[in-house]
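To keep things clear, I will list the structure first and then write my remarks on it.
The values are calculated or read from the model by the stated rules, or taken from the named source; none is laboratory data. Remember, predicted model here, so these are calculated numbers, not experimental data. Counting neighbours? That spans all protein chains shown, and the Cβs are built from the backbone with ideal geometry, glycine included. Accessible surface is based on the protein model in full, side chains and every heavy atom, while ligands, DNA and RNA are left aside. Shrake-Rupley method; radii C 1.70, N 1.55, O 1.52, S 1.80 Å.
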Amino acid sequence: MNKTNHHDSLSSTPYDDVHRTLLNDCPQLIIPVVNEAFHQTHDRNEKVTLFNNEVFINKQGGNQTERVTDSNFLIGTTRYHLECQSTTDGTMILRIFEYDSQLALQDSTITGEHLTVRFPKTAILYLRHNKNTPDYMRITIQAPDASCTYRVPVMKVQNYTLDEIFEKNLLFLIPFHIFSYEKNFSEYESNGTHSQKICKHKERVG
């Protein structure tokens with residue numbers, strides 16, 4: 001099977017890079033985000049195991065295309081997949097399934113003639129959203145004799161105030177909090193009040 005070496009996905013943005021850098025350098029910060037998205041109760045000191053983010057998607061003609069997920073990791077023994085998206089583009093749920101199906105194959109087991117694939121718990125972190133952005137996306141897999149639907153939680157960064165970020169220990173979201181104030185950038189450039197508030201929060205948690 002032929003393999004292409006280019007990435008058949010949207011170009012990496014600075015926010016994708018921030019997401020991956022934070023996860024690599026401060027993996028424990030992702031635990032409160034996972035707890036918030038999935039209503040889990042992982043202890044903040046649980047082990048976080050990171051995996052390679054490259055997956056290969058089979059295309060027509062026998063080629064493979066490399067895609068890069070934003071994050072693919074274990075907390076304890078539970079596999080998670082988290083994507084960071086700046087805007088809704090209508091293709092996110094399709095890409096989520098492409099990623100998830102490849103991750104499920106990586107986690108598959110074969111017993112005799114029985115193949116079991118394990119899909120990760122997946123969520124989307126939207127840096128911007130609008131009134132049509134749902135709280136969950138859904139993927140339905142229809143097999144010949146059964147079907148199943150799984151939900152993909154949507155976290156909307158703009159819904160979290162700075163106070164909530166610190167109260168819930170969602171420090172992973174701090175670099176993205178700026179999206180909540182895009183419309184008021186000119187005002188904040190001339191008024192340092194908001195920056196002073198962030199500094200006070202840092203002093204409190206530091």
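State which residue pairs qualify: first residue more than 24 Å from LYS131 (Cβ to Cβ) and inside the stretch 150-169, second residue part of a strand (DSSP E or B) and open to solvent by less than 40 Å² (accessible area, probe 1.4 Å) in any location, beta carbons under 9 Å apart, and separation of 6 or more residues or different chains.
Matching pairs, first to second residue: TYR150/THR122; TYR150/ILE139.
So, in the stretch 74-106, of the ones that are assigned to a strand (DSSP E or B) and hydrophobic (A, V, I, L, M, F, W, C), which residue ends up modelled with the lowest pLDDT? Working first, answer last.
We begin by selecting, within the stretch 74-106, every residue assigned to a strand (DSSP E or B); these are 74-75, 78-85.
With hydrophobic (A, V, I, L, M, F, W, C) added as a condition, the list becomes 74-75, 82, 84.
Details: LEU74: 95, ILE75: 97, LEU82: 94, CYS84: 90.
Per the stated criteria, the residue is CYS84.
For the stretch 135-142, does any single residue satisfy the condition of being open to solvent by less than 50 Å² (accessible area, probe 1.4 Å) and of a type in the set (Phe, Trp, Tyr)? Write out each step before concluding.
Narrowing the stretch 135-142 to residues open to solvent by less than 50 Å² (accessible area, probe 1.4 Å): 137, 139.
From what's left, of a type in the set (Phe, Trp, Tyr): none.
No, the stretch 135-142 has no match at all.
What are the residue pairs meeting all of these: first residue in the stretch 119-136, first residue over 16 Å from SER86 (Cα atoms), second residue among the basic types (Lys, Arg), Cβ atoms under 8 Å, and 6 or more apart or on different chains?
Listed pairs, sorted by first residue: PRO120/ARG79; LYS121/ARG79; TYR136/ARG151.
So, of the residues in the stretch 160-193 that are modelled with pLDDT under 95, surrounded by 11 or more Cβ atoms within 10 Å (Cβ to Cβ) and polar (S, T, N, Q), which turns out to be farthest from PHE119 (Cα to Cα)?
The selected residue is ASN191.
Give the residues of the stretch 102-119 that are surrounded by fewer than 10 Cβ atoms within 10 Å (Cβ to Cβ) and of a type in the set (S, T, N, Q), sorted by residue number.
At the first step, the residues of the stretch 102-119 found to be surrounded by fewer than 10 Cβ atoms within 10 Å (Cβ to Cβ) are 109-114.
Within the stretch 102-119, THR109, THR111 meet the criteria.
Report, by residue number, each residue of the stretch 120-130 that is open to solvent by 70 Å² or more (accessible area, probe 1.4 Å) and in a loop (DSSP other than H, G, I, E, B).
ARG128, ASN130
Could you count how many residues in the stretch 18-54 are under 21 Å from GLU98 (Cα atoms), within 14 Å of the chain's Cα centre (by Cα) and among the charged types (D, E, K, R)?
1
Do we find a residue being touching an Asp or Glu at 6+ places or on another chain (Cβ under 9 Å) and closer than 19 Å to ASN72 by Cα anywhere in the stretch 133-143? Outline the logic, then answer.
Our first condition is that a residue be touching an Asp or Glu at 6+ places or on another chain (Cβ under 9 Å); within the stretch 133-143, this holds for 139.
Narrowing further to those that are closer than 19 Å to ASN72 by Cα: 139.
Taking every residue of the stretch 133-143 in turn, at least one turns out to be touching an Asp or Glu at 6+ places or on another chain (Cβ under 9 Å) and closer than 19 Å to ASN72 by Cα.
Enumerate the pairs (first residue in the stretch 19-37 and free of Cβ contacts under 8 Å to residues at least 24 places away in the same chain; second residue anywhere and surrounded by fewer than 18 Cβ atoms within 10 Å (Cβ to Cβ) and polar (S, T, N, Q)) with beta-carbon separation below 7 Å, excluding pairs fewer than 6 apart on the same chain, so at least 6 apart or on different chains.
ASN35/THR41
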